[in-house]
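The structure under discussion appears below in the form of structure tokens.
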Amino acid sequence: MQLRGAVVVITGAGSGIGAAMARRFAVEGAAALLLADLDLPSVQRLAAELGDDGCRTLALQVDVAVREQVEAMIDRAEAELGPVDLLCSNAGIGIGAGLDATDEQWERAWQVNVLSQLHGARAVVPRMVARGSGYLLHTASAAGLLTTPGDAPYTATKHAAVGFAEWLAVTYGGRGIGVSTLCPQAVNTPLLQDAAESGNASALAVRAASAVLEPEDVADAVVAGLAEERFLILPHPEVADHVAFKAADRDRWIGALRRALAGSGTLG
């Protein structure tokens, strides 16, 4: 996937990884960027910043959990910026709860972390197939490959997100559509830091388990992964070792994780 000259849509672009990707894609020569977020002022500021640097931009307020809003976002992008070459379904939420999570929290996690990516794929993949090219980047998490202690909805929905992306890659990879899944661990974003500062066990465990990368580091990994068209983009390379350990002996993996959690006192 070459970013130079590409029309790119990014959800969750108002801060963190989404904003960092937007800035990096502009540097890489993207032709146009549609920046979507629930927080409209944040993407408007980013659009103005990138517009000053010469990148065509469009900022939209979008609730990615609402299918009609995602469809309208893709329609606006294609009408005003051109055919979408890359859709980055990046928006996501954490809950920070286990069995005590409410039905409403489970539903919201499912809507934002999984169904939003389904809405995006439904809106854009048929157009990409008709053109014979296109690319999807789905932000999941290392939680989708491993586990996030203390956050059952996040762990379950991120596993679903990875599974859906894999299905897309299998189903459409032979029809000109590329698919990558971004699975970082700890990243210095409001999602992690706000939760950690409030004492959330899940966030504290994630922050203790790996180096905390800056969003710009993740954007660098994304650019490299897209250039190589890798399905799994792992900004924390050690995640691959953890996945191999887990696959080789899941009982041993679960035992090791239990012991680690007992030692940290964050049982989730």
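The values are calculated or read from the model by the stated rules, or taken from the named source; none is laboratory data. Keep in mind that this is a model prediction, so the values were computed, not measured. Quick reminder, even Gly has a Cβ in these numbers, built from the backbone with ideal geometry, and neighbours come from all protein chains shown.
Kindly indicate whether any position in the stretch 82-98 is closer than 16 Å to Ala32 by Cβ, free of Cβ contacts under 8 Å to residues at least 60 places away in the same chain and surrounded by fewer than 22 Cβ atoms within 10 Å (Cβ to Cβ). So that I can check it myself, show each step before the final result.
Narrowing the stretch 82-98 to residues closer than 16 Å to Ala32 by Cβ: 82-88.
If we keep only those that are free of Cβ contacts under 8 Å to residues at least 60 places away in the same chain as well, we get none.
Within the stretch 82-98, none of the residues are closer than 16 Å to Ala32 by Cβ, free of Cβ contacts under 8 Å to residues at least 60 places away in the same chain and surrounded by fewer than 22 Cβ atoms within 10 Å (Cβ to Cβ).
Please pick out the residue among Ala221, Ala247, Ala240, Ala256 that is within 13 Å of Pro149 (Cβ to Cβ), among the small types (Gly, Ala, Ser) and either at pLDDT 65 or above or not in a helix (DSSP H, G or I) (or both).
Every option except Ala256 fails the conditions.
Filter the stretch 138-178 down to the residues that are in contact with a strand residue (DSSP E or B) (Cβ under 9 Å, 6 or more places away or on another chain) and crowded, with 24+ Cβ neighbours inside 10 Å and list them by number.
His138, Thr139, Ala140, Ser141, Gly144, Ala161, Ala165
Report, by residue number, each residue of the stretch 143-183 that is within 18 Å of Ala224 (Cα to Cα) and part of a helix (DSSP H, G or I).
none
Can you name the number of the only condition in (1) assigned to a helix (DSSP H, G or I); (2) within 23 Å of Glu229 (Cβ to Cβ) that Leu137 fails?
(1)
If you check Gln61 against the conditions, is it closer than 24 Å to Ala20 by Cα and either in contact (Cβ under 8 Å) with a residue 60 or more places away in the chain or touching a helix residue (DSSP H, G or I) at 6+ places or on another chain (Cβ under 8 Å) (or both)?
Here the answer is yes, as Gln61 does meet what is asked.
I'd like to verify a number: residues in the stretch 93-120 that are small (Gly, Ala, Ser), over 13 Å from the mean Cα position of the chain (by Cα) and not in a helix (DSSP H, G or I), how many?
Of the residues in the stretch 93-120, 4 are small (Gly, Ala, Ser), over 13 Å from the mean Cα position of the chain (by Cα) and not in a helix (DSSP H, G or I).
Criterion first (assigned to a helix (DSSP H, G or I), surrounded by 23 or more Cβ atoms within 10 Å (Cβ to Cβ) and among the hydrophobic types (A, V, I, L, M, F, W, C)) does Ala123 satisfy it? Give the steps one after another, and end with the answer.
Details: assigned to a helix (DSSP H, G or I): yes; surrounded by 23 or more Cβ atoms within 10 Å (Cβ to Cβ): no; among the hydrophobic types (A, V, I, L, M, F, W, C): yes.
Judged against the criteria, Ala123 is not a match.
If you check every pair at least six apart or on different chains, which have Cβ atoms under 6 Å apart with a residue in the stretch 218-242 that is farther than 27 Å from Trp253 by Cα first and a residue that is of a type in the set (A, V, I, L, M) and in a helix (DSSP H, G or I) second?
Ala219/Ala20; Ala219/Met21; Val222/Met21
Here is a list: Leu192, Leu213. Which entry is closer than 28 Å to Leu136 by Cβ, hydrophobic (A, V, I, L, M, F, W, C) and modelled with pLDDT of 65 or more?
On the way: Leu192 fails: modelled with pLDDT of 65 or more.
Only one candidate passes the filter, namely Leu213.
Taking the stated definitions as given, is Ala59 among the hydrophobic types (A, V, I, L, M, F, W, C) and over 23 Å from Leu213 (Cβ atoms)? Talk me through it step by step, then tell me what you get.
On the way: among the hydrophobic types (A, V, I, L, M, F, W, C): yes; over 23 Å from Leu213 (Cβ atoms): yes.
Yes.
May I ask you to say which residue of Arg76, Arg67 is touching a His at 6+ places or on another chain (Cβ under 8 Å) and surrounded by fewer than 22 Cβ atoms within 10 Å (Cβ to Cβ)?
Selected residue: Arg67, the only one of Arg76, Arg67 that is touching a His at 6+ places or on another chain (Cβ under 8 Å) and surrounded by fewer than 22 Cβ atoms within 10 Å (Cβ to Cβ).
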